[in-house]
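Working notes, beginning with the structure itself.
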Amino acid sequence: MKEISAREVGELYTRITSELSRVIVGQEQMVQLLLASIFARGHCLLIGVPGLAKTLIVRTLADILQLSFKRIQFTPDLMPSDIIGSEVLQEHDRRLEYEYKPGPVFANLILADEINRTPPKTQSALLEAMQERKVTVGGQSRVLPDPFLVVATQNPIEQEGTYPLPEAQLDRFMFSLHLDYPSQEEEREIVKRTTLRELPTLAPTISGEELLRVQQLVLAAPVSDHVIEYAVSLAAATRPRVTEALAVSKDYVEWGAGPRASQYLILGAKALALLKGKISPETAEVREVAMCVLQHRVITNYRATSAGKKSRDIVAAILEEVSEPAYQNA
């Protein structure tokens, strides 16, 4: 497979965002981080109220990236077999045999819409596929397509009839991204685009093979020791029972981020650097991805609840207090 350079990745990113902006108004930072997670082979959790184009963004990206796309609407009665598929009894030459019928999980890009509306048993069926990148039905394992990426959505304003993801399952997501309301200027443009004309047909910008090459480059990109030290220091600072813990963590955190957070800080920083056309990330890129990597991995305690502090507040305080290591010339 032909190699791709950091400059070419930067050019691809420009082309992707240019095409995406023909449909999506605003949300530039969220789109950048979502693409960084895709380029780093990481799954992503989108959190936002209805109407913020979460589904439209993911569907549009699938078209631009030329990926097979499936949307799974999670409901309380959804079963694991509705996701991963099942074996059904079929007649062949007067004999009854079990035949596997694949579920919608067999696609490159999966949109798990409102994942917290289905019980844990069904949630775990998808989360196992996310971790192992394969499913097992009837004692036989079946490998999922490559690339395989899951973007899940959650509505933060409704709690009745929902099943929040356990912390251990949230840890499977590389990023959690919170979508905010558009500005009035952006909302006026959204209304014009969606009520005065049909949305344009977008041109494919990158092939699946090119995406795999970008993902390989993210893994191969070099990282300086001081950047790794900074990522590990940030993750360690969230843990209230270790020597490196800050006062804010000791006071307000029940459980801090695990080692997967350090890994995702570096992978996310590498992908973000490549989007900017740089071959190697700096601590600035680690800071840029720190909130979306750490905020769903920091579990606050009862003191934080009584003080009105959320995990985002804890992470913001940690980013202010943890100093960046000095550059080390390898």
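Out of everything in the stretch 224-240 that is farther than 16 Å from M291 by Cβ and out of contact with any strand residue (DSSP E or B) (no Cβ under 9 Å at 6 or more places or on another chain), what residue ends up being surrounded by the fewest Cβ atoms within 10 Å (Cβ to Cβ)?
D225
Given the criteria over 29 Å from E209 (Cβ atoms) and of a type in the set (K, R), does R142 qualify? Even if it seems obvious, please write down each step before you answer.
Working: over 29 Å from E209 (Cβ atoms): no; of a type in the set (K, R): yes.
In short, no.
Within the stretch 31-40, can one find any residue that is over 15 Å from the mean Cα position of the chain (by Cα), assigned to a helix (DSSP H, G or I), aromatic (F, W, Y) and crowded, with 20+ Cβ neighbours inside 10 Å? So that I can check it myself, show each step before the final result.
Step one: list which residues in the stretch 31-40 are over 15 Å from the mean Cα position of the chain (by Cα), which gives none.
No; the residues of the stretch 31-40 include none that is over 15 Å from the mean Cα position of the chain (by Cα), assigned to a helix (DSSP H, G or I), aromatic (F, W, Y) and crowded, with 20+ Cβ neighbours inside 10 Å.
Please enumerate the residues belonging to the stretch 189-232 that are free of Cβ contacts under 8 Å to residues at least 24 places away in the same chain and polar (S, T, N, Q).
Residues satisfying the conditions are T194, T195, T201.
Here is a yes/no grid of residues against (1) closer than 17 Å to S37 by Cα; (2) of a type in the set (A, V, I, L, M, F, W, C); (3) at pLDDT 90 or above:
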| site | (1), (2), (3) |
| --- | --- |
| A245 | no, yes, no |
| G258 | no, no, no |
| Y264 | yes, no, yes |
| K309 | no, no, no |
| A316 | no, yes, yes |
| N329 | no, no, no |
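Would you tally the residues in the stretch 100-148 being within 23 Å of T55 (Cα to Cα) and without any contact (Cβ under 8 Å) to a residue 40 or more places away in the chain?
So the answer is 7.
From the set of residues in the stretch 142-178 that are within 12 Å of the chain's Cα centre (by Cα) and among the aliphatic types (A, V, I, L, M), which is modelled with the lowest pLDDT?
L170
Scan (1) surrounded by 15 or more Cβ atoms within 10 Å (Cβ to Cβ); (2) over 21 Å from the mean Cα position of the chain (by Cα) for the single condition R94 breaks and write down its number.
Of (1) surrounded by 15 or more Cβ atoms within 10 Å (Cβ to Cβ); (2) over 21 Å from the mean Cα position of the chain (by Cα), only one is false for R94: (1).
If P281 passes every condition in (1) assigned to a helix (DSSP H, G or I); (2) surrounded by 23 or more Cβ atoms within 10 Å (Cβ to Cβ) but one, which one does it miss?
Going through the list (1) assigned to a helix (DSSP H, G or I); (2) surrounded by 23 or more Cβ atoms within 10 Å (Cβ to Cβ), P281 breaks only (1).
Being surrounded by 15 or more Cβ atoms within 10 Å (Cβ to Cβ), in a strand (DSSP E or B) and not polar (S, T, N, Q), is that true of even one residue in the stretch 284-306?
yes
Residues are listed down the side, and each one gets a yes or a no for (1) buried (at least 21 other Cβ atoms within 10 Å of the Cβ); (2) closer than 13 Å to N108 by Cα; (3) touching a helix residue (DSSP H, G or I) at 6+ places or on another chain (Cβ under 9 Å):
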position: L46; (1), (2), (3): yes, no, yes
position: V49; (1), (2), (3): no, no, no
position: L56; (1), (2), (3): no, no, no
position: L61; (1), (2), (3): yes, yes, yes
position: L65; (1), (2), (3): yes, yes, yes
position: F69; (1), (2), (3): no, yes, yes
position: Q73; (1), (2), (3): no, no, yes
position: P76; (1), (2), (3): no, no, yes
position: D82; (1), (2), (3): no, no, yes
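Residue-by-condition table, conditions (1) among the basic types (K, R); (2) farther than 23 Å from T17 by Cβ; (3) in contact (Cβ under 8 Å) with a residue 60 or more places away in the chain:
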{"residue": "S176", "(1), (2), (3)": "no, no, yes"}
{"residue": "L234", "(1), (2), (3)": "no, yes, yes"}
{"residue": "V248", "(1), (2), (3)": "no, yes, yes"}
{"residue": "A271", "(1), (2), (3)": "no, no, yes"}
{"residue": "K276", "(1), (2), (3)": "yes, no, yes"}
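Please work out if V88 is in contact with a strand residue (DSSP E or B) (Cβ under 8 Å, 6 or more places away or on another chain), among the β-branched types (V, I, T) and outside any strand (DSSP E or B). Reasoning before the result, please.
Working: in contact with a strand residue (DSSP E or B) (Cβ under 8 Å, 6 or more places away or on another chain): yes; among the β-branched types (V, I, T): yes; outside any strand (DSSP E or B): no.
Judged against the criteria, V88 is not a match.
The values are calculated or read from the model by the stated rules, or taken from the named source; none is laboratory data. Every value quoted in this text rests on a predicted model; they were computed, and no experiment measured them. As a convention, Cβ positions derive from the backbone with ideal geometry for all residues, glycine included, and neighbour counts pool all protein chains shown.
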